Each structure stands twice: as structure tokens, then as C-alpha cells.
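Structure first, then comments.
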Amino acid sequence: MTGIAAAAFTTLALMAPSAAYAQARTDDAPATTEAAVQRILQSDPDAKRIGPSEVSLAPGVTVSVRVVDQSPAVKAGTMAASDCPYPYLCLFDNAGFTGTQYNIAVAQVNACPDIPIDSWFAGRASSLVNHRPSGTVSTLWANSNGTGLLGYQHAYGYRANLALDSASIGGNWDNRIRSARVC
Ligand SMILES: [Ca+2]
């Protein structure tokens, strides 16, 4: 854990999580990685498939998704570096870096476009890892159009439980990320 992330976690762990934001949306979760890819392709006419789990949304903007086995036997609760491949900003459905994973990469470092999270995953992230290039800072938004500031995340930092992180606009981050400024 980076110094910044450690400091934030220590401070925010003292705050009570808000039950209003803690409800997980599981009704429309895709059951497989292939289904998750198909959701993106169906919802964005400009999206083009470029790999087994990768979709190009625009030149230089790539989204990668995967559906993982959430059983404790498979996921012991500790995060491995391979859980968030470089150079992605990785969002996870559940706390502790488990559940459906929605990863975003932008080819040009520091171009920093606001990327809307596809509708089926918008408002679902409960933990995240920033494995973007060193020195970059990405921004997380509560609205799909790059407004509603939740806060910032430095590269090589992570947040294990967004219910414990205080948002700039009030409340916490849990199940609220709908777009990201990926740097
Ligand atoms: Ca969630």
C-alpha cells in the first residue's frame, strides 16, 4: 500500500459506512466474461472487440472485463499484482478486489479523457486498484459525464473497501463510480 493510500485508509476507516450506498446491484450482473464483453458491444455502437476480454471504445481507449469466481476457496482476500494488469485502472464489483472486474486503459498517458463506465457496471464498483503508469492520478466521478467528484487515486495505490472512503461530494464511494478520468 502506498503512503497516500495508507493514510487515506487509516483516516477514513474511522468513519461509519453509509448504508444508503452499500446496497450492491447484482440483478443484472453478467454471468461470464463473454457476456460482459457482449454487454459493452451492445450498448456502445462505436465499440470494437480487439481481444478475448478487450474492447476498444475509441482510438487509444481500451476496456477489459472479466467475471471471476468469487468463492473464498478461489479468492483468499489478498490481492495479487496480476489481479490488475498494467496499465489498467481496475474496478471490482465487491470489496476486497473480488467479483466482476471492469478495467480501463488509455493508450496516451496524461491525455486524461473522462470515460463513462458502461451502464451494466456503472454504480457497482466496491474496490479498485490503479495500475496506470507511475506518477499519474486518475479521478473517479459519481455521474457518467465526468461530474460529481468522488475523489482521486494515484497510480500504484488501491482502495480495498469503497464504503470506507469519503467522497468529495459527500457520502462514500461505494457503488457510485459512473465515469473515470483515466490519466
Ligand atoms: Ca458493488
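Meeting the requirement of 1 or more residues that are without any contact (Cβ under 8 Å) to a residue 60 or more places away in the chain and within 11 Å of the ligand (Cβ to nearest atom), the strands (runs of 3 or more DSSP E) wholly within segment 81-130 are 89-94, 98-106, 127-130.
Scanning segment 127-153 for residues that are buried (at least 19 other Cβ atoms within 10 Å of the Cβ) and of a type outside the set (G, A, S) gives L128, V129, N130, H131, R132, T136, L140, W141, L150, Q153.
A single member of N161, N172 is surrounded by fewer than 22 Cβ atoms within 10 Å (Cβ to Cβ), within 16 Å of the ligand (Cβ to nearest atom) and in contact (Cβ under 8 Å) with a residue 60 or more places away in the chain, and it is N161. Based on what the data block shows, is R124 buried (at least 16 other Cβ atoms within 10 Å of the Cβ), modelled with pLDDT of 95 or more and not polar (S, T, N, Q)? In short, yes. The C-beta contact set for segment 38-67 (first residue under 23 Å from L128 (Cβ atoms), second residue of a type in the set (S, T, N, Q) and surrounded by fewer than 14 Cβ atoms within 10 Å (Cβ to Cβ), distance under 7 angstrom, 6+ apart or interchain) comprises G60/Q108; V67/T32.
The values are calculated or read from the model by the stated rules, or taken from the named source; none is laboratory data. Everything numeric in this text was worked out from a predicted model, so none of it was measured. Quick reminder, even Gly has a Cβ in these numbers, built from the backbone with ideal geometry, and neighbours come from all protein chains shown.
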